[in-house]
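Peer 1: First, the structure itself, so that you have it in front of you.
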Amino acid sequence: YHVLLIDITEATYINCLNSNFLKMVVSNIKQQIVGLQQELRTNLQHCPPLHLLLECVMRQYPEQLQRVEELLSRAVQLGESNSALIVGPRGVGKTAVWRVAMSQVLGDDHEGAVLVTLNGLVHTDDSLALREITRQLRLEQSVAMKTFKCFADNLSFLLSSLQSEKQVKAVVFVLEEFDLFCHHRNQTLLYNLFDIVQSTKSPVCVLGVTCRLDAVELLEKRVRSRFSHRQISLYPPKLDDYTSIAQHLLTVNANHAVCKQWNIDVEELLNEDKNVKEALRQLHCVTKDLTTLKQMLLVAVSAVKESEPLLQDSQITSAVDLMLADATPKLIQGLSALQLALLIAMMHLTVIYEGQGFTFELVFSEYIKFTRRRSSVQAFERPVVFKAFDQLRCVELVTPFDSSNCRSTVQKEYQMVKLQLPCQLLKSTLSTLPNIPTDLMQWAAFTYA
């Protein structure tokens with residue numbers, strides 16, 4: 001609790017000799033620490049508050065935010081229909097951009113417009129999407145009394161039901177995982193949405209959110225002709241911006257001494273400490289996903305103790321090591337001796353064929369040769385070996401060599417596959433296993449001989 005004692009004068013320090021006053025000071029500091037922890041949890045949650053998103057988005061994507069706000073304001077204020085596609089890698093803030101734009105144009109209560117959000121992972125066909133649109137527009141009872149000839153009539157009725165003689169409300173459709181909607185049969189939903197955008201019946205703004213750069217190419221010709229081809233691209237943050245975002249997420253409202261000292265220490269830690277800067281550089285090289293960054297910071301903050309309420313460099317470096325830890329060694333530790341033997345056989349074939357593919361028959365042949373040379377190793381029958389091989393495919397330690405040429409008519413025994421593990425990583429992982437048979441270790445070492 002030395003943080004608060006910095007601001008205590010000598011006269012106050014003398015009064016601290018009074019035990020009641022000292023208890024009050026300690027209790028006050030504990031309350032401040034609890035408030036600090038609650039604010040940090042709020043900042044690092046999956047869907048942070050809008051005021052935090054606003055600062056991050058305006059700092060990272062000011063131009064993209066302005067373009068989205070312009071589209072929404074035209075639809076709400078001028079009754080102009082628009083469509084656009086927000087494109088960027090996962091975790092860069094695509095959803096945050098349109099959420100902030102909506103709050104800036106419409107406010108928190110979205111007055112003057114109706115928001116409809118759909119997700120391609122959830123709404124896997126057009127009928128599910130239409131039911132969800134009806135539910136979000138709160139028109140279930142109106143639709144129950146009607147019978148529609150086609151999808152277009154149903155959607156047009158829903159939009160016309162929102163309009164009145166006094167007020168015309170704009171409808172904003174946000175399609176998360178936009179590329180998955182392109183796989184719906186005939187792309188009926190997309191066709192009708194873009195067709196309404198081109199008409200003058202009611203103001204509609206359609207925003208697609210996707211991580212695929214070729215999402216427009218997935219559209220059918222009739223759908224593509226109705227799309228505006230307006231794309232708003234988001235790019236991953238650079239290292240300096242990445243560090244700045246981390247500092248912003250860890251900064252709290254400095255309304256008391258503990259928070260002030262916390263903010264000062266966080267700024268020094270992220271910008272001056274060499275170990276922390278190197279750890280952030282490594283995490284940035286592996287993934288620029290801001291969700292991963294928040295998870296790492298949450299792990300680091302969770303390690304802060306009440307007795308030492310300041311963030312340490314070791315806590316950040318340990319959290320980064322945990323996020324970058326390879327799960328492959330843990331996966332290999334749970335394999336049987338037979339599966340380990342098959343991995344070694346495939347490692348041997350990878351070296352022999354210089355990275356080219358191989359089939360199960362070649363793997364089984366290598367395994368049989370090994371069991372004949374080593375009498376202490378149990379030899380299993382072909383069906384048992386194939387089942388173990390198929391389990392390795394299920395956990396994706398073995399994958400098809402060329403998925404584009406892999407036909408379902410070819411039997412699994414004769415499909416070309418490849419080992420997903422680098423040989424050196426497999427060898428180092430095998431050396432750490434405690435109960436691996438000696439013959440298998442010698443066989444693995446012989447592969448590199």
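The values are calculated or read from the model by the stated rules, or taken from the named source; none is laboratory data. Note that this is a predicted model, so its numbers are computed, not measured. Cβ sites come from the backbone with ideal geometry, for glycine too, and all protein chains shown count toward neighbours.
Peer 1: Among the residues of segment 389-411, is there at least one that is of a type in the set (V, I, T), at pLDDT 80 or above and either part of a helix (DSSP H, G or I) or touching a Phe, Trp or Tyr at 6+ places or on another chain (Cβ under 6 Å) (or both)? Reasoning before the result, please.
Peer 2: Taking segment 389-411 as the starting set, the residues that turn out to be of a type in the set (V, I, T) are 395, 398-399, 409-410.
Restricting the remaining residues to those that are at pLDDT 80 or above gives 395, 398-399.
Checking which are either part of a helix (DSSP H, G or I) or touching a Phe, Trp or Tyr at 6+ places or on another chain (Cβ under 6 Å) (or both) leaves us with none.
No; the residues of segment 389-411 include none that is of a type in the set (V, I, T), at pLDDT 80 or above and either part of a helix (DSSP H, G or I) or touching a Phe, Trp or Tyr at 6+ places or on another chain (Cβ under 6 Å) (or both).
Peer 1: Same structure again: More than 27 Å from the chain's Cα centre (by Cα), assigned to a loop (DSSP other than H, G, I, E, B) and not assigned by TED's automatic domain parsing to the domain that holds I245: is that true of Q378 in this structure?
Peer 2: Values: more than 27 Å from the chain's Cα centre (by Cα): yes; assigned to a loop (DSSP other than H, G, I, E, B): yes; not assigned by TED's automatic domain parsing to the domain that holds I245: yes.
Judged against the criteria, Q378 is a match.
Peer 1: Also, quick follow-up: Every residue in segment 95-122 that is under 15 Å from V206 (Cβ atoms) and either more than 25 Å from the chain's Cα centre (by Cα) or in contact (Cβ under 8 Å) with a residue 40 or more places away in the chain (or both), please.
Peer 2: So in segment 95-122, the residues under 15 Å from V206 (Cβ atoms) come out as 98, 101-102, 113-120.
Selection gives W98, M102, A113, V114, L115, V116, T117, L118, N119, G120.
Peer 1: Take the residues in segment 198-217 that are surrounded by fewer than 22 Cβ atoms within 10 Å (Cβ to Cβ) and touching a Phe, Trp or Tyr at 6+ places or on another chain (Cβ under 9 Å); name whichever of them is nearest to G79 (Cα to Cα). Steps first, please.
Peer 2: Narrowing segment 198-217 to residues surrounded by fewer than 22 Cβ atoms within 10 Å (Cβ to Cβ): 198-202, 211-217.
In the following step, the residues that additionally are touching a Phe, Trp or Tyr at 6+ places or on another chain (Cβ under 9 Å) were identified as 212, 215-216.
Working: R212: 30, A215: 27, V216: 25 Å.
Checked segment 198-217; the qualifying residue nearest to G79 (Cα to Cα) is V216.
Peer 1: Out of segment 49-94, which residues are hydroxyl-bearing (S, T, Y) and in contact (Cβ under 8 Å) with a residue 40 or more places away in the chain? Even if it seems obvious, please write down each step before you answer.
Peer 2: The initial filter retains those residues of segment 49-94 that are hydroxyl-bearing (S, T, Y), namely 61, 73, 81, 83.
The answer is Y61, S81, S83.
Peer 1: Checking the structure you have, find out if any residue of segment 135-150 is touching a Leu at 6+ places or on another chain (Cβ under 7 Å) and in a strand (DSSP E or B).
Peer 2: Residues of segment 135-150 that are touching a Leu at 6+ places or on another chain (Cβ under 7 Å), as a first pass: 137, 139.
This time we only want the ones that are in a strand (DSSP E or B), so: none.
Checked segment 135-150: no residue is touching a Leu at 6+ places or on another chain (Cβ under 7 Å) and in a strand (DSSP E or B).
Peer 1: Picking from V76, V57, V68, which residue would you name as being in contact with a Phe, Trp or Tyr (Cβ under 7 Å, 6 or more places away or on another chain) and modelled with pLDDT of 75 or more?
Peer 2: Numbers: V76 fails: in contact with a Phe, Trp or Tyr (Cβ under 7 Å, 6 or more places away or on another chain); V57 fails: in contact with a Phe, Trp or Tyr (Cβ under 7 Å, 6 or more places away or on another chain).
Of the residues listed, the single one that is in contact with a Phe, Trp or Tyr (Cβ under 7 Å, 6 or more places away or on another chain) and modelled with pLDDT of 75 or more is V68.
Peer 1: Just to check your reading of the model, which residue among A246, A170, A215 is of a type in the set (G, A, S) and not assigned by TED's automatic domain parsing to the domain that holds W98? Outline the logic, then answer.
Peer 2: Numbers: A170 fails: not assigned by TED's automatic domain parsing to the domain that holds W98; A215 fails: not assigned by TED's automatic domain parsing to the domain that holds W98.
After ruling out the rest, the residue left standing is A246.
Peer 1: Tally time: how many residues in segment 66-84 are closer than 26 Å to L293 by Cβ and either in contact with a Leu (Cβ under 9 Å, 6 or more places away or on another chain) or crowded, with 22+ Cβ neighbours inside 10 Å (or both)?
Peer 2: Step one: of segment 66-84, the residues closer than 26 Å to L293 by Cβ are 66-69.
From what's left, either in contact with a Leu (Cβ under 9 Å, 6 or more places away or on another chain) or crowded, with 22+ Cβ neighbours inside 10 Å (or both): 68.
Number of matching residues: 1.
Peer 1: Determine whether Q339 is part of a helix (DSSP H, G or I), polar (S, T, N, Q) and under 30 Å from Q31 (Cα atoms). Give the steps one after another, and end with the answer.
Peer 2: Values: part of a helix (DSSP H, G or I): yes; polar (S, T, N, Q): yes; under 30 Å from Q31 (Cα atoms): no.
No, not satisfied.
Peer 1: Residues of segment 199-228 being of a type in the set (S, T, N, Q) and in contact with a helix residue (DSSP H, G or I) (Cβ under 8 Å, 6 or more places away or on another chain), which ones?
Peer 2: Filtering segment 199-228 down to residues of a type in the set (S, T, N, Q) leaves 199-200, 202, 210, 225, 228.
The answer is S202, T210, S228.
Peer 1: Please go through (1) surrounded by fewer than 17 Cβ atoms within 10 Å (Cβ to Cβ); (2) in contact with a Ser or Thr (Cβ under 9 Å, 6 or more places away or on another chain); (3) of a type in the set (G, A, S) for G107 and return the number of the only condition it doesn't satisfy.
Peer 2: (2)
Peer 1: Ok, one more. L190: more than 30 Å from E111 (Cβ to Cβ), modelled with pLDDT of 90 or more and not charged (D, E, K, R), yes or no?
Peer 2: On the way: more than 30 Å from E111 (Cβ to Cβ): no; modelled with pLDDT of 90 or more: yes; not charged (D, E, K, R): yes.
Considered against the rule, which asks whether it is more than 30 Å from E111 (Cβ to Cβ), modelled with pLDDT of 90 or more and not charged (D, E, K, R), L190 comes out as no.
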